[in-house]
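The block underneath contains the structure these notes are about, expressed in structure tokens.
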Amino acid sequence: MISALTYFNETVQLLQQIRDTQLDNIEQAAEICAERIANGGLVFLFGAGHSRMMCEEMTPRQGCFVGFYPLVELALSNHAATIGMNGLRGPLFLEKVEGYADEILNSFKFGPHDAFIIISTSGIRPVIVEMARGVK
């Protein structure tokens, strides 16, 4: 029980730290998303690997907000292999291929009222950096 309580307390502490240091940024991002969706745009979401799961959490399902659209590149997120590195070798390689983000972006059409959220735990993989530059 001590481990569970420690986990709970540290999680609450982390959430309070985020609230205390990032609330203005979160509110600003929420306003951008609401304004874009209200004007007929979409909020595109992109994350590679496990960061894709955060995109899926924001993707509409019954009872959720509409207007969020995930850009899921299965080659960067498919961990189905049961041998080797649990299927991670291919996606880890592709995250480093320069120009891959441009190829992903070429598959979609974006409008003037759209917004983009890029999720990454590292923020340094070429596909993430190029995606941010590409949507700018």
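Just so you know, all these numbers are worked out from the coordinates, no wet-lab data involved. Keep in mind the model is a prediction, meaning the values are calculated, not measured. Cβ placement follows ideal geometry from the backbone for every residue including glycine, while neighbour counts extend to all protein chains displayed.
Below 8 Å between Cα atoms, with a sequence gap of 6+, how large is the relative contact order for the stretch 39-135 in percent?
Working: 140 pairs, mean separation 35.2, N = 97.
36 percent.
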Check your understanding: Near residue 18, within a Cβ-to-Cβ distance under 14 Å, what is the net charge of the other residues, with Lys and Arg +1 and Asp and Glu -1?
Key -> -3
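Taking the number of other C-beta atoms within 10 Å as the exposure measure, put 66, 135 in order starting with the fewest. Walk me through the numbers on the way to the answer.
Numbers: 66 8, 135 18.
Placing the least packed residue first, the sequence is 66, 135.
From the Cα gyration tensor of the stretch 1-78, with a ≥ b ≥ c the square roots of its eigenvalues, which class applies: rounded if a/c is under 1.5, or else prolate if a/b is larger than b/c, or else oblate?
Values: a/c = 2.39, a/b = 1.40, b/c = 1.71.
Verdict is oblate for the stretch 1-78.
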Practice item. Identify which of the listed values of semi-axes √(5λ) of the Cα gyration tensor in Å was calculated from the structure shown: [x] 32, 16, 13; [y] 28, 14, 13; [z] 26, 25, 14. Key: [z]
Review point. What residues qualify as long-range amide H neighbours of residue 110, i.e. H under 5 Å apart, gap of 5 or more or another chain, H built at 1.01 Å from N?
Key: none
Check your understanding: So which chymotrypsin sites (Phe, Trp or Tyr not before Pro) in the stretch 1-74 end up in coil per DSSP with only 15 or fewer other C-beta atoms within 10 Å?
Key -> 65
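Exposure proxy check: 131, 1 ranked by fewest other beta carbons within 10 Å? It would help to have the intermediate numbers written out before the result.
Details: 131 25, 1 5.
Least to most surrounded, the residues fall as 1, 131.
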Check your understanding: Taking H as built 1.01 Å from N, whose amide H comes closer than 5 Å to the amide H of residue 117, not counting residues under 5 places away?
Key -> 44, 45, 46
